[in-house]
1. Taking into account only those residues within region 65-85 that are under 17 Å from the mean Cα position of the chain (by Cα) and not in a loop (DSSP other than H, G, I, E, B), which is surrounded by the fewest Cβ atoms within 10 Å (Cβ to Cβ)?
2. Out of PHE383, PHE350, PHE371, PHE341, I need the residue that is surrounded by 14 or more Cβ atoms within 10 Å (Cβ to Cβ) and assigned to a loop (DSSP other than H, G, I, E, B). Which one?
3. So how many residues does region 117-143 have that are touching a Ser or Thr at 6+ places or on another chain (Cβ under 6 Å) and away from ligand 2 (no atom under 16 Å from the Cβ)?
4. Could you grab me the full set of residues in region 314-368 that are within 22 Å of ARG77 (Cβ to Cβ), small (Gly, Ala, Ser) and at pLDDT 95 or above?
5. Filter region 319-338 for residues that are acidic (Asp, Glu) and closer than 30 Å to GLN5 by Cα; which is surrounded by the most Cβ atoms within 10 Å (Cβ to Cβ)?
6. Could you tell me which of the residues GLY174, GLY230, GLY199, GLY181 is within 22 Å of VAL289 (Cβ to Cβ) and either touching a residue at least 24 places away in the same chain (Cβ under 8 Å) or open to solvent by 40 Å² or more (accessible area, probe 1.4 Å) (or both)?
7. Taking region 284-329 only, how many residues are away from ligand 2 (no atom under 16 Å from the Cβ), touching a Phe, Trp or Tyr at 6+ places or on another chain (Cβ under 9 Å) and part of a loop (DSSP other than H, G, I, E, B)?
8. Tally the residues that are without any contact (Cβ under 8 Å) to a residue 24 or more places away in the chain and among the acidic types (Asp, Glu), restricting the search to region 79-130.
Amino acid sequence: MPFSQVREEIRAIQSELVALRHDLHKHPELGFEEVRTQQVIRAWLESRGYTPKDSAGTGLYADLKPTHGSGPMVALRADIDCLPMHELTDLPYRSVHAGRAHKCGHDGHTAILLGTAAILARHKDELPGNVRLLFQPAEEGVRGGGARVMVAEGALEGVSEVYGLHNWPAWPLGDVRVKAGAMMAQVHAFEIELIGKGGHGSQPQLCRDPIVAASHLVTALQTVVSRGFGYEGGAVLSVCSFQAGTTNNVIPERAKLSGTIRSFEPRATARVLERFRQVLSGVSASFGVEVNETIEVGYPVLMNDSGCAEVVRRVAIEAFGAERVSEADLPMAGGEDFAYFAQARPSAYFFLGAKRGEEDTPVCHHPDFDFDDRLIPVGIELFSRIVWDRLSGRPLVGP
Ligand SMILES: [Zn+2]
Ligand SMILES: [Zn+2]
């Protein structure tokens, strides 16, 4: 594939892709509810000669069949769902649905993969192998795990390698970040309920105050990592909600905390969970309150194959120069269900920086976040170069 020509071709469809991205942004859909999104993707693919198949209910995948050759099959993945949150921007294409918004940029990832589909279709005679495009529903949150469903339904049958990307506004626009091994965290979400004895605010001696116990618990939980590990760290524990009481003169009966634990390898996960439970039972005994926890096990650690990570690194350097490519600040402590694709096949997941100059660009999941459309051509070129690299027989070797 001549990439100077590919750049021209990408430029020619950029405005169409931006319009499509804004349309998806305006009509966001939650995990496993992406019915309209699925239709938009299907229509685009069919108009470029693909025959998409539905997968995981509201997802789909499509194969580019080369006109000659039967080499390996490389898969590219985009996530397509939105988040259950309100949009606070005044963008002309802001969400028309209260409580639903594309605040992680999956609208942009979808536009990138659709643009890649259009470019690859123009060059299919030159490709000595196969490409599968995976449009995955339900990446976000507790209702997520669309990747697991697609793998279970056989969406990777015949696939040799999988690649995926995510925009990330903390890092400079267009920078590519990738590393071999652990790339993103295993996430455990916890809820803790403390049950004491409520009463009049003037009579603490007759109560067992769950607010005081919960306050100590929040503080004690800060030591799970800081005192449970040495300099190597290995986990992040954050309490992200604290709820108790309704008025200023009643000691309530209950308090509730919730948060997440993030870790990158099984021994650290076991250690942090063990310390977490010890702290809970200690606070329970100290304050005479009942402490009940529920822990939800999230996506596994996203492990990049070293050979596939090297593919991303080398094509990114060829495209944009070595100064734009690094593994700084990785692994990242977010969770990502691409981990299921990476468990099933050698894979690599990478980030595209999206920080605008010196500006404090809103990060993913912030109510003011919006995907930066300038990443659309960057993502398409990288995906196209990855496909070319893999199908033109370059070796898969670690760095
Ligand atoms: Zn997200
Ligand atoms: Zn995301």
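1. Per the stated criteria, the residue is LEU83.
2. Working: PHE383 fails: assigned to a loop (DSSP other than H, G, I, E, B); PHE350 fails: assigned to a loop (DSSP other than H, G, I, E, B); PHE341 fails: assigned to a loop (DSSP other than H, G, I, E, B).
On inspection, the qualifying residue turns out to be PHE371.
3. Start the filter on region 117-143 by keeping residues that are touching a Ser or Thr at 6+ places or on another chain (Cβ under 6 Å), which leaves 119, 125, 137.
From the residues that got through so far, the ones that are away from ligand 2 (no atom under 16 Å from the Cβ) too are 119, 125.
Residues meeting the conditions: 2.
4. Scanning region 314-368 gives ALA316, ALA319, ALA339, ALA342, ALA344, SER347, ALA348, GLY353, ALA354.
5. Residues of region 319-338 that are acidic (Asp, Glu), as a first pass: 323, 327, 329, 336-337.
Right, trim to closer than 30 Å to GLN5 by Cα and you get 323, 327.
Details: GLU323: 8, GLU327: 19.
This residue is GLU327.
6. Working: GLY174 fails: within 22 Å of VAL289 (Cβ to Cβ); GLY230 fails: within 22 Å of VAL289 (Cβ to Cβ); GLY181 fails: within 22 Å of VAL289 (Cβ to Cβ).
One residue alone meets the criteria, GLY199.
7. Summing the residues that are away from ligand 2 (no atom under 16 Å from the Cβ), touching a Phe, Trp or Tyr at 6+ places or on another chain (Cβ under 9 Å) and part of a loop (DSSP other than H, G, I, E, B) in region 284-329 gives 4.
8. 1
The values are calculated or read from the model by the stated rules, or taken from the named source; none is laboratory data. Since the structure is predicted, the reported quantities are computational estimates derived from the model, not experimental observations. Cβ sites come from the backbone with ideal geometry, for glycine too, and all protein chains shown count toward neighbours. For accessibility, only protein heavy atoms count, side chains too; no ligands or nucleic acids. Shrake-Rupley method; radii C 1.70, N 1.55, O 1.52, S 1.80 Å.
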